[in-house]
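**Q** Starting off with a structure, shown below.
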Amino acid sequence: MVDLAQTRVVIRAREIGDLCDLALAAIRRDGWSLLRWWLLMVIPYLVVVDSILVIFFRRLWEPEPEFSLIGYAFLISVAGLTPLSLLSGLLTLHLGMSVFVKRPTFREVWRAWISRLGYMLLVQLMPFASRGPAIAEIVLLERLVPTTREGRAAIRRRLTALASYGLSINQLGAFFALLTFFIIGLTMAGMYFSFLTFETPWRWGWALVGFQLGACIAGGFNRVVRFFLYLNSRIKYEGWDVELAARAAAQRLLRTNREVSSSQPLTPPTSNQRPKAAVSP
């Protein structure tokens, strides 16, 4: 019999810095598979947005373009990030299948993403989707359906629970914004110094390309960090509930054993159970 009194679930509290290190370790371990999904996410965005910039905003590559032209091109680059967030669900599915199931194949991840794409589009239009950054993990990994009343209620409950764990936009928005700006700044600075090294003229068009590339890198890394934040929150808080449940079950089991032993009646010995007489020497 399993001794539930000795059962203990060990919960390791991980801070946000530890989870970033864990995300980097996952990228190093499964880098080629994640790179495949990242390229599938990034290439359509860069091709479409940069084609628009090259065709309709050629003056960006001239020495002094109009400020309004730069603003419009920047807004187009930012607007293209919305479908990028849908495509980044491929990274979430790959990580989820790697952790919970097995080493996923390309076909398995792609089919799972296609089957949930409509739900992801729908949930983006719902007002409660802005409450938590883990809406993609809820829809893709927990497979909750937002098209039914029960499914929407379950999504709200899950978002509320994760927000109570500390996984909400209000608590993590500043961190992800700072991380995004840091990665974009590093990418643009790297491109700028590379142009200086090769004595190539730096134009606003290249600055926007560097912004787009940095946003793509930040979006992929943030998605991996968000997955581990979601996983850590559920293990940390719901795993603790498992330990409490095991201890409560142990206490109930001990109480039941005591009650059974105390309520058992004492029976007198039968004739064949009488003690033997002492034999004198």
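The values are calculated or read from the model by the stated rules, or taken from the named source; none is laboratory data. Since we're looking at a predicted model, the values are computed, not measured. A quick note on method: Cβ atoms are made from the backbone with ideal geometry, for glycine too, and the neighbour counts reach across all protein chains shown. Calculation scope for accessible area: heavy atoms of the full protein, side chains included, ligands and nucleic acids excluded. Shrake-Rupley method; radii C 1.70, N 1.55, O 1.52, S 1.80 Å.
**Q** So in the range 204-247, with the set limited to residues that are among the polar types (S, T, N, Q) and closer than 19 Å to Ser168 by Cβ, which one is modelled with the highest pLDDT?
**A** This residue is Asn222.
**Q** Right, another one. Does any residue of the range 130-151 turn out to be more than 30 Å from Phe211 (Cβ to Cβ), charged (D, E, K, R), over 15 Å from the mean Cα position of the chain (by Cα) and surrounded by fewer than 18 Cβ atoms within 10 Å (Cβ to Cβ)?
**A** There is at least one residue in the range 130-151 that is more than 30 Å from Phe211 (Cβ to Cβ), charged (D, E, K, R), over 15 Å from the mean Cα position of the chain (by Cα) and surrounded by fewer than 18 Cβ atoms within 10 Å (Cβ to Cβ).
**Q** Which condition from (1) free of Cβ contacts under 8 Å to residues at least 60 places away in the same chain; (2) of a type in the set (A, V, I, L, M, F, W, C); (3) more than 18 Å from Pro83 (Cα to Cα) is the one that Ile114 breaks?
**A** Of the numbered conditions (1) free of Cβ contacts under 8 Å to residues at least 60 places away in the same chain; (2) of a type in the set (A, V, I, L, M, F, W, C); (3) more than 18 Å from Pro83 (Cα to Cα), the odd one out for Ile114 is (3).
**Q** Does the range 208-229 contain at least one residue that is loosely packed, with under 14 Cβ neighbours inside 10 Å, within 15 Å of the chain's Cα centre (by Cα) and within 28 Å of Asp21 (Cβ to Cβ)?
**A** Taking the range 208-229 as the starting set, the residues that turn out to be loosely packed, with under 14 Cβ neighbours inside 10 Å are none.
No - not one qualifying residue is present in the range 208-229.
**Q** Out of the residues in the range 99-120 that are at pLDDT below 85 and not in a loop (DSSP other than H, G, I, E, B), which is most open to solvent (accessible area, probe 1.4 Å)?
**A** Phe100
**Q** Let me ask something else about it. Looking at (1) open to solvent by less than 40 Å² (accessible area, probe 1.4 Å); (2) outside any helix (DSSP H, G or I); (3) modelled with pLDDT of 90 or more, which is the only condition Leu167 fails?
**A** Failed condition: (3).
**Q** Quick one: is Val209 touching a helix residue (DSSP H, G or I) at 6+ places or on another chain (Cβ under 9 Å) and closer than 27 Å to Pro104 by Cβ? Lay out the reasoning, then the answer.
**A** Details: touching a helix residue (DSSP H, G or I) at 6+ places or on another chain (Cβ under 9 Å): yes; closer than 27 Å to Pro104 by Cβ: no.
No.
**Q** Looking for something over 25 Å from Phe176 (Cβ atoms) and polar (S, T, N, Q) - is there at least one such residue anywhere in the range 50-57?
**A** Looking for residues that are over 25 Å from Phe176 (Cβ atoms) and polar (S, T, N, Q), one finds at least one in the range 50-57, hence yes.
**Q** Somewhere in the range 5-16, is a residue charged (D, E, K, R) and at pLDDT 85 or above? Spell out the reasoning first.
**A** Taking the range 5-16 as the starting set, the residues that turn out to be charged (D, E, K, R) are 8, 12, 14-15.
Adding the requirement that they be at pLDDT 85 or above leaves none.
No, the range 5-16 contains no residue that is charged (D, E, K, R) and at pLDDT 85 or above.
**Q** Name the residues in the range 203-231 that are within 18 Å of Glu62 (Cβ to Cβ) and among the hydrophobic types (A, V, I, L, M, F, W, C), would you?
**A** Trp204, Trp206, Ala207, Leu208, Val209 - these are the residues of the range 203-231 that are within 18 Å of Glu62 (Cβ to Cβ) and among the hydrophobic types (A, V, I, L, M, F, W, C).
**Q** Which of the following residues is under 25 Å from Trp61 (Cβ atoms), outside any helix (DSSP H, G or I), open to solvent by less than 70 Å² (accessible area, probe 1.4 Å) and of a type outside the set (Phe, Trp, Tyr): Thr200, Thr187? Steps first, please.
**A** Numbers: Thr187 fails: outside any helix (DSSP H, G or I).
Just a single option satisfies the conditions, and that option is Thr200.
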